[in-house]
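The block underneath contains the structure these notes are about, expressed in structure tokens.
The values are calculated or read from the model by the stated rules, or taken from the named source; none is laboratory data. This structure is a prediction, so every number in the text was calculated from the model and none was measured. Cβ placement follows ideal geometry from the backbone for every residue including glycine, while neighbour counts extend to all protein chains displayed.
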Amino acid sequence: MMNRFKNLLEKEKWSNFSLGFYKLIAVYELDKKKSILETLKDNVDWYSVKEACNMFETTMEQAKSGFETKTLRAKTGYRFITGMGYPSPVENGMLLHHIYGIPYIHGESVKGLVRHVFCEKIAYKEEENYDEFLKALKNLIQKLEEETYEDEKVLKEYTLLFGTKKREGAIVFFDAYPQEIRKDNFVIDIMNPHYVKYYAEKGKEPPADWYNPTPIFFLALEDIEFVFTIGYDPLRLGKEEGDKLIEKAVSYLRKGLEMYGMGAKKRKGYGWFNVSER
């Protein structure tokens, strides 16, 4: 029965990438992860994926209705992946939209990056030593969230941008979506850990050279442009104040994307962006 199902799948193209990645490839031999991922790329109907991008864009345009917004476009400088911790048939997952089935970046992640840049700017004014800076950053965030920070101007700006434990922010961070997705935007990448027993046994076995490397294949994105949007409700903020706030938020986002990046494996060079347009 399973072979018949597998043969049937191979005769048809898969219109939803997420369905193929999380459900349909499970019928294949899971010890051959690289070939499974290649099969996934070959079996996807990429025209349908392109249409899914268009539908996502339409949905976001509708979501922006009634808001004053600024848009920023940024292309991956190297490779990008988010959602690696999600369980999947090939071990490492990917954040895919539950309806459209395409990669995207959650608005909460965008907000988190912007908040980090904002708080870092304030904390660096107070401390230059790195260890002391980390302590100052943690203390700063706690005070801002609890609305006990001494500088009222900074506290007001933080509250309007991000909100606190007591108040809702006035700025909206929308989900970022890919402008277009092609087959060659998905690349099969590899991690090659050499000390599997050392990590699995939590240090009980030595990290020695006699272990065989264990290649782990996973999907990543490259050469793909995302559309980021930040907005405010004109019924809550006046135009002058609102425009100034989203200009600041966009500038923080630009710095965050170019200097820190988003997603997984940033220490390996993944996740940084080239900002191309505001």
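Quick check: anything in segment 92-108 assigned to a helix (DSSP H, G or I) and either of a type in the set (A, V, I, L, M) or touching a Phe, Trp or Tyr at 6+ places or on another chain (Cβ under 8 Å) (or both)? Steps first, please.
Quick first cut of segment 92-108, residues assigned to a helix (DSSP H, G or I) only: 107-108.
Those left that are additionally either of a type in the set (A, V, I, L, M) or touching a Phe, Trp or Tyr at 6+ places or on another chain (Cβ under 8 Å) (or both): 107-108.
Yes - at least one qualifying residue is present in segment 92-108.
For residues that are among the hydrophobic types (A, V, I, L, M, F, W, C) and not in a loop (DSSP other than H, G, I, E, B), scanning just segment 58-91, find the one that is nearest to the chain's Cα centre (by Cα). Lay out the reasoning, then the answer.
Here is the first cut: in segment 58-91, the residues among the hydrophobic types (A, V, I, L, M, F, W, C) are 60, 63, 67, 72, 74, 80-81, 84, 90.
So of that shortlist, the ones also not in a loop (DSSP other than H, G, I, E, B) come out as 60, 63, 72, 74, 80.
Numbers: 60: 17, 63: 20, 72: 15, 74: 13, 80: 8 Å.
Only one residue tops the list, namely 80.
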Residue check for residue 132: outside any strand (DSSP E or B) and within 20 Å of the chain's Cα centre (by Cα): no
Restricting to segment 222-258, count the residues that are without any contact (Cβ under 8 Å) to a residue 40 or more places away in the chain and hydrophobic (A, V, I, L, M, F, W, C). 1
As an exercise: evaluate residue 74 against (1) free of Cβ contacts under 8 Å to residues at least 60 places away in the same chain; (2) buried (at least 19 other Cβ atoms within 10 Å of the Cβ) and give the number of the one condition it does not meet. (1)
Mind telling me which of the residues 39, 59 ends up being within 30 Å of residue 235 (Cβ to Cβ) and either modelled with pLDDT under 90 or surrounded by fewer than 17 Cβ atoms within 10 Å (Cβ to Cβ) (or both)? 59
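Just checking, how many residues over segment 208-224 are under 19 Å from the mean Cα position of the chain (by Cα) and either surrounded by fewer than 18 Cβ atoms within 10 Å (Cβ to Cβ) or among the small types (Gly, Ala, Ser) (or both)? Break it down into steps so the answer makes sense when it comes.
Going through segment 208-224, the residues under 19 Å from the mean Cα position of the chain (by Cα) turn out to be 218-224.
Filter once more, keeping what is either surrounded by fewer than 18 Cβ atoms within 10 Å (Cβ to Cβ) or among the small types (Gly, Ala, Ser) (or both): 220, 222-223.
Total meeting the criteria: 3.
Hey, can you tell me all the residues within segment 134-150 that are free of Cβ contacts under 8 Å to residues at least 12 places away in the same chain and acidic (Asp, Glu)? Before the answer, list the steps.
Quick first cut of segment 134-150, residues free of Cβ contacts under 8 Å to residues at least 12 places away in the same chain only: 134-135, 138-139, 142-143, 148-150.
The one that is free of Cβ contacts under 8 Å to residues at least 12 places away in the same chain and acidic (Asp, Glu): 150.
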Segment 85-96 residues that are within 11 Å of residue 18 (Cα to Cα) and without any contact (Cβ under 8 Å) to a residue 60 or more places away in the chain, paired with ones that are assigned to a loop (DSSP other than H, G, I, E, B) and polar (S, T, N, Q) (beta carbon under 9 Å, 6 or more apart): 95/82
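Taking into account only those residues within segment 158-188 that are among the charged types (D, E, K, R) and surrounded by fewer than 17 Cβ atoms within 10 Å (Cβ to Cβ), which is farthest from residue 275 (Cα to Cα)?
Going through the qualifying residues, I end up with 166.
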Within segment 151-178, count every residue that is touching a residue at least 40 places away in the same chain (Cβ under 8 Å) and either among the basic types (Lys, Arg) or outside any strand (DSSP E or B) (or both). 8
